[in-house]
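Colleague: Next up is a structure, given as structure tokens.
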Amino acid sequence: MLQAQIVTPHSPQNFRETQIAALINNAENGQWRIEDGIDWSIHPSPPNFLTQRFIGRALGALMAGEEATAAACTMLLAGIPDADLRICLEFQAMDEDRHAEVYRSYLERVGMPPLIPDGFREATKQLVNWKGPPAGLVFAVHVVLESEALTLQHELSDDIRCPLFQAINRRVTQDEARHVAFGQLVSASANAQLTAQERQETVAAIKDIWDACIKALVNDNAVLWRAVKGFSERRWALQAKSLEKLGLINSVAA
Ligand SMILES: [Fe+2]
Ligand SMILES: [Fe+2]
């Protein structure tokens, strides 16, 4: 459970509360609707067949990730008494549902059904069926997966040279940046609630989900897995560095 801490005028806790209040303000003002939050009059660039399959898979994976993140936020809400943190998570769950829907609308617009990679939904279900302490789930969702999704969204926007997708991506990434900022703000308190063993188990659980997602993305194809394994390990090394900075990974043990 994420708990409130004692506040003094210039304490880090006071700073955190100010920042959380700013995030709530940003979330309130930053809400948008699929119908009019995107300029749907922008014509999508017609993707060729191969690009269509790539887009279908990439966005299918993002959609499944968005849905799992929304479910994880709802789970976290069950154990959080702090009113401000609850508001952030409620906004986030709405944001993630909207993101899944806007990607679905985009795929409809380009005439491509979402192709959710085999096993990907199962892999992300590990978040929803999280067995560890809720504070560990914050690291899985708000630190690792949110920042990875943000990177993926930026890369996709470069790869899918479509003005409509780029317009969607601009809106979605504004919301995601807020979710990443939330993770950074609550990570110290979440980390303080974990024992050394729980920290190790949390890192191992996040790495399991990470590997399961990557394997599902390459459809459990051994050749493809070998091809992307190096890339995946390099990305994981960056994530491990941020987990170390936030105290989840002990720098001596890392
Ligand atoms: Fe999202
Ligand atoms: Fe998010």
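Colleague: I want to check a number: in the chain, how many lysine pairs have alpha carbons closer than 18 Å, given a sequence separation of 8 or more or different chains? Intermediate values should be presented prior to the final figure.
Modeller: Working: 125/207; 125/215; 131/207; 207/215; 207/229; 207/241; 207/245; 215/229.
Eligible lysine pairs with Cα atoms under 18 Å apart amount to 8.
Colleague: What percent of all Cα-Cα pairs in the stretch 54-93 falls in each 5 Å bin, counting up from 0?
Modeller: Bin by bin from 0 Å, the calculated values are 6, 25, 23, 15, 12, 9, 7, 3, 0.
Colleague: Relative contact order for the stretch 64-215: what percent, with Cα pairs under 8 Å and sequence separation of 6 or more?
Modeller: Details: 117 pairs, mean separation 44.6, N = 152.
RCO, the stretch 64-215: 29 percent.
Colleague: Counting other Cβ atoms within 10 Å, keep those with at most 14, restrict to DSSP loop, and tell me which trypsin sites (Lys or Arg not before Pro) in the stretch 144-182 are left.
Modeller: Working: sites: 161, 170, 171, 178; in loops: 161.
Answer in residue order: 161.
Colleague: What list of whole percents do you get for P(r) of the chain, with Cα-Cα distances grouped in 5 Å bins up to the one holding the largest distance?
Modeller: Spelled out bin by bin, the chain gives 1, 6, 13, 17, 19, 16, 13, 8, 5, 2, 1, 0 percent.
Colleague: Next question. Let a ≥ b ≥ c be the square roots of the eigenvalues of the Cα gyration tensor of the stretch 116-157; is it rounded (a/c under 1.5), or, if not, prolate (a/b larger than b/c) or oblate? Can you show the working numbers first?
Modeller: Details: a/c = 5.01, a/b = 1.31, b/c = 3.83.
Oblate is the answer for the stretch 116-157, as a/c is 1.5 or above yet b/c matches or exceeds a/b.
Colleague: Output the DSSP H helices from the chain with an along-axis C-alpha extent of no less than 27 Å and a mean Kyte-Doolittle hydropathy no less than 0.5.
Modeller: Working: long enough: 49-77 (42 Å, 0.87); 83-109 (39 Å, -0.74); 163-192 (44 Å, -0.15); 196-217 (32 Å, -0.09); 222-245 (34 Å, -0.40).
Those that pass (Cα extent of 27 Å or more, hydropathy at least 0.5) are 49-77.
Colleague: Per residue and in Å³, how big is the convex hull formed by the alpha-carbon atoms of the stretch 183-254?
Modeller: Taking only Cα atoms, the stretch 183-254 has a hull volume of 92 Å³ per residue.
Colleague: So which trypsin sites (Lys or Arg not before Pro) in the stretch 35-141 are both in a DSSP loop and have at most 12 other Cβ atoms within 10 Å of their Cβ? Could you put the intermediate results ahead of the total?
Modeller: On the way: sites: 53, 57, 86, 98, 104, 109, 121, 125, 131; in loops: 131.
Filter output for the stretch 35-141: 131.
Colleague: What percentages make up the Cα-Cα pair-distance distribution of the stretch 99-212 when the bins are 10 Å wide from 0?
Modeller: Spelled out per bin, shortest first, that is 12, 37, 33, 15, 3.
Values in this text are rule-based calculations from the coordinates and carry no lab data. Here the structure is a predicted model, which is why all the values come from computation and not from measurement. In this analysis, Cβ positions are derived from the backbone assuming ideal geometry, glycine residues included, and neighbour counts consider all displayed protein chains.
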